[in-house]
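The values are calculated or read from the model by the stated rules, or taken from the named source; none is laboratory data. The model shown is predicted, which means the values in this text are computed figures rather than measured ones. Cβ placement follows ideal geometry from the backbone for every residue including glycine, while neighbour counts extend to all protein chains displayed. Protein only, heavy atoms only, side chains kept; ligands, DNA and RNA dropped before computing areas. Shrake-Rupley method; radii C 1.70, N 1.55, O 1.52, S 1.80 Å.
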Amino acid sequence: MMRYRIPFNRPWLSGNELAYIRQAVENNHISGDGPFTKKCNEFLEGALKVRRAFLTTSCTHALEICALLLNIRPGDEVILPSFTFVSTVNAFVLRGAKPVFADITADTLNLNHTKLEALITPKTKAILAVHYAGVGCEMDAILDIAQRHSISIVEDNAHGLFAKYKNRYLGTFGCLAAQSFHETKNFTSGEGGALLINDDRFIERSEVIREKGTNRSRFFRGQVDKYTWVDIGSSYLPSDILAAFLYAQLESRNEIQTRRARIWNYYYENLQDWARDRNIRMPIAPSYCEQSYHLFYLLLPSLESRSALIRHLRVHGIDAVFHYQPLHLSDMGRSFGGKEGDCPVTEYVSDRLLRLPFYNDLTQVDQEYIVSAIKECKGM
Ligand SMILES: Cc1ncc(COP(=O)(O)O)c(C=O)c1O
């Protein structure tokens with residue numbers, strides 16, 4: 001495998017991660033739901049003002065829990081953007097749902113709310129709002145549509161922890177939301193995620209589902225005298241070792257977000273004139289969206305120019321990557337009826353989007369090097 005001078009992503013320690021892991025071991029509790037898991041849950045509940053937050057082993061697993069909580073069954077339909085990670089759809093297809101792929105808007109690359117209503121049928125159970133790059137979807141319009149048709153909203157907020165739409169945190173709009181703490185995310189435990197619950201009727205069952213279908217949480221609270229199998233479920237608790245790592249990162253929320261904002265702004269300010277002159281589009285966030293500074297992308301004019309820029313940067317030791325092949329054109333997507341032309345904006349963007357290296361300790365010197373390498377690329 002090629003080693004890059006500047007990788008696409010690199011894990012970063014904010015300071016207390018290893019000390020907290022040691023503490024987790026000394027606590028004699030390294031399985032799930034230990035003291036650090038509770039600290040993380042409470043941190044998220046306090047910061048976001050969600051009814052409950054539960055750490056999970058991944059965002060994928062948090063989405064699987066959402067599908068279980070919503071009783072998704074064979075024949076149900078879920079609407080989601082074709083421009084997303086495969087887990088957004090898989091979690092629901094695992095329960096037998098039929099995915100209905102929606103296109104995205106050309107500006108934020110989020111669900112095109114103006115096209116949603118046409119996709120709703122009596123079988124529609126959920127709309128999956130994916131906040132791409134941590135820029136909020138048009139939640140006012142999406143909430144209105146969902147309410148009028150009695151459809152649940154699940155937010156896939158893998159990218160958008162602590163971002164806001166109209167002054168309200170992402171992850172607080174849907175009845176349920178999923179976060180990711182995968183290595184590439186702003187806050188990480190290597191692998192990890194969280195389920196956010198905004199509707200009380202899901203709290204008790206979510207405890208059961210994440211505890212392998214047992215009422216063990218009630219047992220630990222002394223509410224029942226033995227625990228037993230009461231529902232379907234699986235093993236969704238991360239080790240407290242991972243929670244210890246994550247808690248150190250969450251505690252450094254301000255530092256991490258400040259670092260990432262600086263990196264994002266440097267790219268934006270130093271590439272905007274170059275991009276404008278070449279018909280290359282920069283990220284767009286509406287004024288009422290406070291983004292999470294999760295990623296920085298360029299939209300090149302063609303597939304050829306994107307491939308040329310990736311190759312050029314590779315020669316300079318810089319790893320830049322593309323994002324999301326359209327789900328409706330994947331093998332699985334086609335098996336659900338997806339075909340060319342269904343989601344034209346998704347198809348256009350998937351061929352042209354390029355993500356630049358982005359990690360918490362990316363230095364300004366390295367960013368200068370990246371920006372000048374980009375500007376040297378011939379034929380742009
Ligand atoms: C939009 C989106 N949803 C879900 C996921 C899956 O997250 P995880 O790796 O925590 O399961 C990703 C991963 O990058 C993602 O981009």
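Rounded to the nearest 20, the Cβ-based charge dipole of the chain about its Cα centre (Lys and Arg +1, Asp and Glu -1) stands at 200 debye.
For the pair the range 66-103 / the range 1-55, the C-alpha centres are spaced 28 Å from each other. Remark: the range 12-92 projects, on average over all directions, an area of 7.7 nm² (convex hull of Cα atoms). I'd like the distance separating the alpha-carbon centroids of the range 276-303 and the range 336-351, in whole Å. When both Cα centres are located, 20 Å separates them.
Grab the DSSP H runs of the chain that are 4 residues or longer, score each as -39,500 (n - 2.57), total them, divide by all residues and round the 222 nm result to the nearest 500 deg cm²/dmol.
Values: 13 runs with 143 residues, N = 380.
Mean residue ellipticity, 222 nm, calculated: -11500 deg cm²/dmol.
Averaged over residues, the count of other Cβ atoms within 10 Å places the peptides 332-340, 196-204, 234-242 in the sequence 234-242, 196-204, 332-340, highest first.
Computed from the alpha carbon atoms alone, the convex hull of the range 201-242 holds 79 Å³ per residue. From a point 7 Å beyond the Cα of Arg73 in the direction of its Cβ, which residues of the range 129-160 have a backbone N at a distance under 18 Å? Taking a point 7 Å out along Cα→Cβ of Arg73, the residues of the range 129-160 whose backbone N falls under 18 Å are 151-152.
Pulled fully out, how much extra length does the chain show between Gln364 and Glu183, if you take 0.36 nm times their separation in residues and subtract their Cα-Cα distance?
Gain on extension, Gln364 to Glu183, equals 63.0 nm.
Averaging over every viewing direction, what projected area does the convex hull of the Cα atoms of the range 141-228 cover, in nm²? Let's see the in-between values first.
Numbers: hull surface 30.2 nm².
Quarter of the Cα hull surface area: 7.6 nm².
Over the C-alpha trace of the range 229-310, radius of gyration and Dmax come out as 19.7, 63 angstrom.
Amide H contacts under 5 Å for Asn110: Thr105, restricted to partners 5 or more places along the chain or on a different chain, H placed in the peptide plane at 1.01 Å from N. Building the convex hull from the alpha-carbon atoms of the range 73-191 and averaging its projection over directions returns 7.1 nm².
Considering all C-alpha pairs of the chain, those separated by over 33 Å amount to 32%.
In whole Å, what three semi-axes, largest first, describe the equivalent ellipsoid of the range 189-279 built from its Cα gyration tensor (square root of 5 times each eigenvalue)?
That gives 44, 16, 11 Å for the three semi-axes.
Can you send over the carbon and sulfur percentage of the accessible area for the range 99-183, probe radius 1.4 Å, protein chains only? Let's see the in-between values first.
On the way: 1330 of 2720 Å².
On the range 99-183, the fraction of accessible area on carbon and sulfur atoms equals 49 percent.
With both partners inside the chain, how many of the DSSP beta bridges are antiparallel, as a percent to the nearest 5?
Working: 22 of 39 bridges.
Of all bridge pairs located within the chain, approximately 55 percent are antiparallel.
Scanning residues 5 or more positions from Glu211 or on other chains, those with amide H under 5 Å from its amide H are Ser234, with H placed 1.01 Å from N in the peptide plane.
Apolar share of the accessible surface for the range 292-380: 55 percent from carbon plus sulfur atoms, 1.4 Å probe.
Taking a ≥ b ≥ c as the square roots of the Cα gyration tensor eigenvalues, with a/c under 1.5 meaning rounded and otherwise prolate when a/b beats b/c, else oblate, which class fits the range 310-353? Numbers along the way, then the final one.
On the way: a/c = 4.76, a/b = 2.61, b/c = 1.82.
It is prolate, given that a/c is not under 1.5 and a/b is the larger ratio.
Using the Cβ atoms and a cut-off under 13 Å, what net charge is assigned to the surroundings of Tyr266, where Lys and Arg are +1 and Asp and Glu are -1? The partial results should precede the final answer.
Working: positive: Arg259, Arg260, Arg262; negative: Glu269, Asp366, Glu368.
With Lys, Arg at +1 and Asp, Glu at -1, the net is 0.
Solvent exposure of the chain, expressed per residue, is 43 Å² of accessible area, with all protein chains present and a 1.4 angstrom probe.
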